[in-house]
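The values are calculated or read from the model by the stated rules, or taken from the named source; none is laboratory data. Values in this document were obtained by computation on a predicted structure and should not be read as measured data. Cβ coordinates were reconstructed from backbone atoms using ideal geometry, including for glycine residues, and neighbour counts include every protein chain displayed.
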Amino acid sequence: MKGLLGIHHIAIICADYAVSKRFYIDILGATVLAETFRKARDSYKLDLVLPDNTQIELFSFPTPPPRPSKPESCGLRHLAFRVSDLEGAVAELVQKGISVEAVRLDELTGKRFTFFQDPDGLPLELYESA
């Protein structure tokens, strides 16, 4: 598509807004751009930004449906974050009480990666960038 520059934001619906807000800010290190309570929807929208300027929109709704399956459901499979130091990132997550799968090797690219989950079970990937 002509003019396509990249990903602007990723939208995530969470079950427990306070828990997910803490996870994305305190565990992953995202920075808050804006936080809005939408009274008509009884919903929060939290705009976050990552170091590369990719944004995450975190939404809360009163009764969101659960994720159909993990992770092999139709639609978004997982989010992958580039990291410069895979071991360091894994160690930091573990230190913060986050369970991380064993590091694997992508046989197609030769890069290492691993998975963990957000508070709602959304699969998140760390993928080494160098």
- Just wondering, is there one or more residues in region 77-93 that are in contact with a helix residue (DSSP H, G or I) (Cβ under 6 Å, 6 or more places away or on another chain) and either assigned by TED's automatic domain parsing to the domain that holds TYR127 or at pLDDT below 90 (or both)? yes
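For (1) surrounded by 12 or more Cβ atoms within 10 Å (Cβ to Cβ); (2) in a loop (DSSP other than H, G, I, E, B), each residue gets a yes or a no:
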site	(1), (2)
TYR44	yes, no
ASP52	no, yes
PHE81	yes, no
VAL90	yes, no
ILE98	yes, yes
THR114	yes, no
LEU126	yes, no
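Quick grid of which residues meet (1) within 23 Å of TYR127 (Cα to Cα); (2) within 17 Å of the chain's Cα centre (by Cα); (3) of a type in the set (D, E, K, R):
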| residue | (1), (2), (3) |
| --- | --- |
| HIS8 | yes, yes, no |
| TYR17 | no, yes, no |
| SER20 | yes, yes, no |
| ILE25 | yes, yes, no |
| ARG38 | no, no, yes |
| LEU50 | yes, yes, no |
| PHE59 | no, yes, no |
| PRO68 | no, no, no |
- Message: Going by what's in this entry, would SER43 be described as without any contact (Cβ under 8 Å) to a residue 40 or more places away in the chain, farther than 16 Å from ILE25 by Cα and assigned by TED's automatic domain parsing to the domain that holds ILE13?
- Response: yes
- Task: Find the residue count for region 30-42, including only residues that are small (Gly, Ala, Ser) and loosely packed, with under 12 Cβ neighbours inside 10 Å.
- Result: 2
- Tally time: how many residues in region 21-67 are under 30 Å from GLY88 (Cβ atoms) and charged (D, E, K, R)? 8
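Step by step: first the residues of region 54-76, then only those that are small (Gly, Ala, Ser) and part of a loop (DSSP other than H, G, I, E, B), then the one that is modelled with the lowest pLDDT. Which residue is that?
Looking at the filtered set, the residue picked out is SER73.
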- Could you list all residues from region 76-126 that are free of Cβ contacts under 8 Å to residues at least 12 places away in the same chain and closer than 20 Å to CYS14 by Cβ? LEU76, GLY97
- Query: Does ILE7 satisfy the condition of being loosely packed, with under 15 Cβ neighbours inside 10 Å, outside the structural domain of PRO123 (by TED's automatic domain parsing), within 23 Å of ARG112 (Cα to Cα) and among the hydrophobic types (A, V, I, L, M, F, W, C)?
  - Reply: yes
- Message: Pull out all pairs, ordered by first then second residue, where Cβ-Cβ is under 8 Å, the residues are six or more apart or on different chains, the first lies in region 21-38 and is in contact (Cβ under 8 Å) with a residue 40 or more places away in the chain and hydrophobic (A, V, I, L, M, F, W, C), and the second is loosely packed, with under 12 Cβ neighbours inside 10 Å and not in a strand (DSSP E or B).
- Response: ILE27/LYS96
